[in-house]
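The structure appears right after this line, and notes come after that.
What follows is calculated from the coordinates using simple rules that are stated; it is not laboratory data. Worth saying up front: this structure is predicted, and the values here are computed from it rather than measured. Quick reminder, even Gly has a Cβ in these numbers, built from the backbone with ideal geometry, and neighbours come from all protein chains shown.
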Ligand SMILES: [Zn+2]
């Protein structure tokens, strides 16, 4: 049986001498793996479709649980993402997140759009790469069931203005008056940036340098902590990005 899928290559692993096994994140079926044959030979016609970041319409031949890529027409290869080390690792974070948190055979159009739009922003605009990635993470965590609660202090309901504390058990922030024993202090700028990333109103702690790489990387470090604490998964590309 043949089928067409709009998908992005999130992972490609060598298989045998000339083949690869691709992990595709598709609009129609969520995560799906497929073999692509002969792509390591010189001049292979489908080589482009075996590279991570390739966004294409894939034609798959399927029998049972086995899929083989037999054709592809590319929408976007995102080749120039490799021209900046920050863009490359930020893009790698997007792919790794999809490979770990998207579901097999379960379509998720919102996550798909968020991922493609983030890659476009990383490659084709001058937006701060760290902020684009922060937006991707907070939206996608929400989409996959790991939402951060950002409506002020979870206990008293007041907006957090000066110092922010985070309760990892509930994924919620607390003010200094309501802080619990196991909560950790998080920079109020991190809290502000995460609210901004979700397009929520916030008028405190917003001095001019809020959007600097320093504060954005610190916010991403918090996201790395949160993902690992909540899911026991680690986004390796994020650790790499943060040590640049
Ligand atoms: Zn409070």
Legend entry - the chain: angle of helix 109-124 to the longest principal axis, Cα-based, in degrees nearest 10: 90
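Which value at 222 nm does the chain reach when only helices count, each DSSP H run of 4 or more adding -39,500 (n - 2.57), with the total divided by all residues and rounded to the nearest 500 deg cm²/dmol?
On the way: 6 runs with 84 residues, N = 244.
That comes out to -11000 deg cm²/dmol.
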Inset, instruction - Using 0.36 nm per residue of separation minus the Cα-Cα distance, give me the extension gain between residue 48 and residue 214 in nm, one decimal. - result: 56.2 nm
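Over all directions, what mean area does the Cα convex hull of segment 2-76 project, stated in square nanometres? Present the calculation step by step, with values, prior to reporting the outcome.
Details: hull surface 17.7 nm².
Value for segment 2-76: 4.4 nm².
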Inset, instruction - Please give the length that would be gained between residue 126 and residue 182 if that part of the chain were fully extended, namely 0.36 nm times their separation in residues minus their C-alpha to C-alpha distance (nm, one decimal). - result: 16.2 nm
Inset, instruction - Sort out for me the Cα centre separation of segment 86-139 from segment 216-243, rounded to whole Å. - result: 14
Inset, instruction - Taking only Cα atoms and a 10 Å spring cutoff, compute GNM fluctuations for the chain and point out the largest among 144, 190, 23. - result: 144
Inset, instruction - Would you compute, for the Cα atoms of the chain, the largest minus smallest coordinate along each principal axis and list the three values in descending order, in whole Å? - result: 63, 36, 27
Inset, instruction - Mind giving me the nanometre distance, one decimal, between the label points for residue 159 and residue 204, set 7 Å out from Cα along Cα→Cβ? - result: 0.8
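To the nearest 0.05, what FRET efficiency results for residue 110 and residue 18 with a Förster distance of 30 Å applied to their C-beta separation? Show your work: numbers first, answer last.
On the way: r = 37 Å, r/R0 = 1.22.
Efficiency, from the Cβ-Cβ distance: 0.25.
Pull out the extension gain between residue 86 and residue 40, defined as 0.36 nm times the separation in residues minus the alpha carbon to alpha carbon distance; nm, one decimal. Write out the running numbers ahead of the final one.
Values: separation 46, 0.36 × 46 = 16.56 nm, distance 2.76 nm.
Contour length minus the Cα-Cα distance gives 13.8 nm.
What FRET efficiency comes out for residue 234 versus residue 147 if R0 is 22 angstrom and r is the Cβ-Cβ distance? Round to the nearest 0.05. Don't skip to the end; give the middle numbers.
Values: r = 20 Å, r/R0 = 0.89.
Computed FRET efficiency for residue 234 and residue 147: 0.65.
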